[in-house]
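Written out below as structure tokens is the structure these notes cover.
The values are calculated or read from the model by the stated rules, or taken from the named source; none is laboratory data. Nothing here was measured: the structure is a model prediction, and the numbers come from that model. Note that each Cβ is placed from the backbone with ideal geometry, even for glycine, and that neighbours are counted across all protein chains shown. These area figures cover heavy atoms from the full protein model, side chains too; ligands, DNA and RNA do not enter into them. Shrake-Rupley method; radii C 1.70, N 1.55, O 1.52, S 1.80 Å.
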Amino acid sequence: MLKCAALLTATCLVEGFAFTPSPTVSLPILAHSSKPFRADNPRRLGNLGLLSTKKTAFESDYASSIDNPSDYWFNLAKEKLDWYTQPTKSLTGGLATADVKWFEDGKLNACYNCIDRHIENGRGGKTAIIFEGDEPSDVTKYSYTEVLARVSKIANMMKSNGVKKGDVVTIYMPMTPDIIFSMLACARIGAVHSVVFAGFSEDAIADRIAASGSKFVFTSDGGLRGGRTIKLKQTVDNAIAKDRAKVLVEKVFVFKRTNEDVNFVDGRDLWADDLLSSQSTECPAEVMGAEDPLFILYTSGSTGQPKGILHTTGGYLLYAQHTTATSFDLQPDDIYACVADAGWITGHTYICYGPLLNGATSTVFESTPLYPDEGRYWDMIQRHKINIFYTAPTAIRSLMRFGDEPPKKYDLSSLRVLGSVGEPINPAAWDWYNDVIGGGKATVVDTYWQTETGGHVALNLPGVHEPKAGSCRGGTYGIDLAILDPKSGEVIEGNDVEGVLAISKPWPGMARTCLGDHERYKTTYLQPYPGFYFAGDGARRDSSGYIWVTGRVDDVINSSGHRIGTAELESSLVSHPLVAQAAVVGYPHDIKGEGVACYCTLTKGTAMTDDLRKDLKQAVRSSIGPFATPDMIIEAPALPMTRSGKIMRRILRKIAGGDTELGDTSTLADPTCVGVLVENAKA
Ligand code: 6R9
């Protein structure tokens with residue numbers, strides 16, 4: 001990125017990829033391209049037992065979900081959700097017109113559907129949430145009745161402090177049950193939650209508060225992770241000290257987790273626990289329209305400004321309910337654990353809404369896979385007898401390094417379904433997950449989806465589809481996946497083909513807009529290939545019709561399952577006074593999937609030093625957050641540009657990955673710069 005805001009747009013067009021109709025997309029290298037996925041690796045189906053009737057049932061249900069999505073989802077909406085007013089309309093609008101709506105005239109409440117109705121049906125005593133704190137001994141279970149009481153108190157606290165239906169509430173909290181309860185309390189009163197992952201920096205929080213016009217913030221004194229304390233309230237204070245947030249924020253509700261001293265601003269900051277003690281445990285659920293916003297979640301895109309992805313109520317809930325039930329073959333007595341953070345979409349849909357809508361028992365995990373040691377997940381599975389476990393390939397890879405002994409110490413025989421999300425799961429990790437963790441008996445389910453899709457869109461359904469290591473197989477109910485020619489936008493039929501991934505029909509869980517910027521929503525997702533939802537990923541279909549996601553085709557890096565926009569990284573690097581220009585790329589990384597490599601052109605007369613590298617890493621940590629910290633900072637006296645002035649990222653990726661086959665460099669304006677970069681990358 002050049003140090004000039006006006007050139008931002010040019011940066012987004014590198015390698016000819018533009019979000020315009022008929023874009024020219026140069027497909028990026030495959031994640032883990034150095035270790036190609038096995039083309040074909042059919043596996044047993046695990047202990048779910050492939051009943052041919054189940055497969056037949058899927059096939060006929062799938063066919064009707066594709067032939068007539070409107071009727072398919074309408075019937076499910078009436079059966080699976082409780083409505084104050086039943087909808088008379090199902091799907092209206094369409095992808096081509098960017099005005100998709102589901103169950104528009106229906107009225108319901110998300111929190112009521114997640115909690116109250118289970119109590120009314122006599123299941124109030126069932127455990128809704130198992131909290132597994134940072135220390136393995138710190139376990140608390142909450143029944144549905146207890147959840148309702150706490151959520152209602154939080155909702156009443158919000159109402160008595162001025163939070164109203166439609167207000168945006170920013171939630172920056174650790175992974176304790178209160179983050180889930182706060183989300184549900186927002187839903188109960190019709191406030192729109194905007195959860196900001198607790199690893200984001202003060203700048204990122206301030207940006208999100210400002211962009212969403214949020215007057216209320218939920219946080220806690222601190223957070224605990226891996227035995228360390230994270231100063232959340234202090235970070236929120238620093239965020240609100242910035243003018244763009246200061247002018248907005250009226251109230252900060254502070255929960256207690258670490259009991260450390262924090263600054264308190266009179267009139268603005270409130271101790272939630274003190275206020276809650278006097279609140280009533282009864283709070284009527286607000287009657288909401290199906291298309292009223294439920295939440296916003298910011299995600300990286302191909303420009304510097306994160307997008308506020310907006311999900312609405314009825315369609316999102318139905319999709320969360322249905323995918324949780326079907327993708328994991330959820331059974332009534334299952335103990336379910338998704339170990340993501342609630343700050344990401346996986347936590348929203350598959351810790352909070354999906355499991356609770358199904359009346360299931362969901363785990364809230366505060367710690368890390370390595371605390372107090374590398375047996376933490378397995379210990380937790382044994383103690384709670386977890387049946388469904390959902391994690392990311394990066395966590396599996398980081399645990400594989402310790403060998404088979406740690407998991408072998410524990411009884412993992414309760415496991416039936418092993419979910420994977422965030423990036424393609426490489427075969428070595430898949431094999432280990434399947435053989436060592438699942439003991440060859442549990443089914444590995446690779447779930448492909450995005451913040452924008454609201455829930456799973458492609459996976460191998462347990463008991464229905466034969467898993468293949470590294471492939472997410474194909475579309476689930478209602479999802480008609482297509483592979484398109486990136487240049488012409490034509491659908492590529494048949495097998496053994498490659499292109500970009502798209503969805504040809506609306507589904508209830510799809511995001512409806514980007515907050516305050518419907519134009520950006522259209523140009524990013526719906527206009528590149530008119531009539532399709534464009535996912536931003538490349539994909540191929542193998543000889544047996546299975547889909548293999550090959551990675552993002554836009555300027556987004558997927559590092560340890562975190563989506564990080566290269567433009568955001570570049571703008572934080574060039575904000576350093578000694579950096580004149582920066583180009584950031586992802587490269588294959590053994591644990592993270594993709595590592596973050598930053599090529600920096602320094603101002604004249606400046607040389608790269610270890611101290612400067614440290615400063616630059618710090619610049620990224622403070623503008624985005626520690627999870628985006630660069631893995632490599634490479635001095636780049638010049639960047640490889642085409643004669644038309646576009647940075648050749650393909651070459652930068654190869655250099656960072658230590659790949660010596662750089663391909664054709666003759667189109668570069670100055671091919672000699674490449675040799676210097678190869679040398680510097682070794683430094
Ligand atoms: C849920 C989530 C979305 C991007 C997506 C893709 C990648 C996620 C994947 C996968 C291959 C899978 N991705 N799951 N790629 N196989 N099973 O991760 O949402 O943070 O929005 O990221 O992650 O590139 O486009 P989000």
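Mind listing just one residue for me: the one in region 344-387 that is among the β-branched types (Val, Ile, Thr) and in contact with a Gly (Cβ under 7 Å, 6 or more places away or on another chain) and, of those, farthest from the ligand (Cβ to nearest atom)? Lay out the reasoning, then the answer.
We begin by selecting, within region 344-387, every residue among the β-branched types (Val, Ile, Thr); these are 345-346, 349, 351, 361, 363-364, 368, 381, 386.
Applying the additional criterion that residues be in contact with a Gly (Cβ under 7 Å, 6 or more places away or on another chain) yields 349, 368.
Details: 349: 8, 368: 19 Å.
Among residues in region 344-387 that are among the β-branched types (Val, Ile, Thr) and in contact with a Gly (Cβ under 7 Å, 6 or more places away or on another chain), the one farthest from the ligand (Cβ to nearest atom) is 368.
Give the residue, chosen from 292, 269, 261, 274, that is open to solvent by less than 60 Å² (accessible area, probe 1.4 Å) and within 30 Å of residue 134 (Cα to Cα).
269
Which condition number does residue 460 fail, the rest of (1) farther than 25 Å from residue 627 by Cβ; (2) touching a residue at least 24 places away in the same chain (Cβ under 8 Å); (3) within 15 Å of the ligand (Cβ to nearest atom) being met?
(2)
Is there a residue being within 21 Å of the chain's Cα centre (by Cα) and either within 24 Å of residue 561 (Cα to Cα) or open to solvent by 10 Å² or more (accessible area, probe 1.4 Å) (or both) anywhere in region 160-167?
There is no residue in region 160-167 that is within 21 Å of the chain's Cα centre (by Cα) and either within 24 Å of residue 561 (Cα to Cα) or open to solvent by 10 Å² or more (accessible area, probe 1.4 Å) (or both).
So is residue 396 more than 16 Å from the ligand (Cβ to nearest atom) and open to solvent by less than 10 Å² (accessible area, probe 1.4 Å) or not? Spell out the reasoning first.
On the way: more than 16 Å from the ligand (Cβ to nearest atom): no; open to solvent by less than 10 Å² (accessible area, probe 1.4 Å): yes.
In short, no.
What is the number of the single condition among (1) buried (at least 22 other Cβ atoms within 10 Å of the Cβ); (2) of a type outside the set (Gly, Ala, Ser); (3) within 16 Å of the ligand (Cβ to nearest atom) that residue 437 does not meet?
If we test residue 437 against (1) buried (at least 22 other Cβ atoms within 10 Å of the Cβ); (2) of a type outside the set (Gly, Ala, Ser); (3) within 16 Å of the ligand (Cβ to nearest atom), just (3) comes out false.
Does any residue of region 522-529 turn out to be modelled with pLDDT under 95 and among the charged types (D, E, K, R)?
So in region 522-529, the residues modelled with pLDDT under 95 come out as none.
The answer is no, given that none of the residues of region 522-529 is modelled with pLDDT under 95 and among the charged types (D, E, K, R).
Out of the residues in region 508-531 meeting the condition of being surrounded by 23 or more Cβ atoms within 10 Å (Cβ to Cβ) and within 15 Å of the ligand (Cβ to nearest atom), tell me which one is farthest from the chain's Cα centre (by Cα).
528
Restricting attention to region 440-454, report how many residues are out of contact with any His (no Cβ under 8 Å at 6 or more places or on another chain) and within 12 Å of the ligand (Cβ to nearest atom).
7
Looking at region 49-70, is at least one residue touching a strand residue (DSSP E or B) at 6+ places or on another chain (Cβ under 7 Å) and either modelled with pLDDT of 95 or more or open to solvent by 50 Å² or more (accessible area, probe 1.4 Å) (or both)? Outline the logic, then answer.
Within region 49-70, the subset touching a strand residue (DSSP E or B) at 6+ places or on another chain (Cβ under 7 Å) is 69-70.
From what's left, either modelled with pLDDT of 95 or more or open to solvent by 50 Å² or more (accessible area, probe 1.4 Å) (or both): 69-70.
Checked against the condition, which is being touching a strand residue (DSSP E or B) at 6+ places or on another chain (Cβ under 7 Å) and either modelled with pLDDT of 95 or more or open to solvent by 50 Å² or more (accessible area, probe 1.4 Å) (or both), region 49-70 yields at least one hit.
Picking from 554, 590, 542, which residue would you name as being in contact with a Phe, Trp or Tyr (Cβ under 7 Å, 6 or more places away or on another chain), away from the ligand (no atom under 11 Å from the Cβ) and either without any contact (Cβ under 8 Å) to a residue 24 or more places away in the chain or of a type in the set (Asp, Glu) (or both)?
Just one listed residue meets the conditions, 542.
I need the full set of residues from region 627-638 which are touching a residue at least 40 places away in the same chain (Cβ under 8 Å), out of contact with any Phe, Trp or Tyr (no Cβ under 6 Å at 6 or more places or on another chain) and over 19 Å from residue 590 (Cα atoms), in order please.
The one that is touching a residue at least 40 places away in the same chain (Cβ under 8 Å), out of contact with any Phe, Trp or Tyr (no Cβ under 6 Å at 6 or more places or on another chain) and over 19 Å from residue 590 (Cα atoms): 635.
Condition test on residue 419, is it surrounded by 23 or more Cβ atoms within 10 Å (Cβ to Cβ) and outside any helix (DSSP H, G or I)?
Against the criterion (surrounded by 23 or more Cβ atoms within 10 Å (Cβ to Cβ) and outside any helix (DSSP H, G or I)), residue 419 qualifies.
Can you tell me which condition residue 466 does not meet? The list is (1) without any contact (Cβ under 8 Å) to a residue 60 or more places away in the chain; (2) farther than 24 Å from residue 360 by Cα; (3) charged (D, E, K, R), and all the others hold.
Of the numbered conditions (1) without any contact (Cβ under 8 Å) to a residue 60 or more places away in the chain; (2) farther than 24 Å from residue 360 by Cα; (3) charged (D, E, K, R), the odd one out for residue 466 is (1).
Got at least one residue in region 532-539 being outside the structural domain of residue 593 (by TED's automatic domain parsing), part of a loop (DSSP other than H, G, I, E, B), under 20 Å from the mean Cα position of the chain (by Cα) and within 16 Å of the ligand (Cβ to nearest atom)?
Looking for residues that are outside the structural domain of residue 593 (by TED's automatic domain parsing), part of a loop (DSSP other than H, G, I, E, B), under 20 Å from the mean Cα position of the chain (by Cα) and within 16 Å of the ligand (Cβ to nearest atom), one finds none in region 532-539, hence no.
Mind checking which residues of region 568-599 are under 21 Å from residue 306 (Cβ atoms), surrounded by fewer than 24 Cβ atoms within 10 Å (Cβ to Cβ) and among the β-branched types (Val, Ile, Thr)?
574, the sole residue that qualifies.
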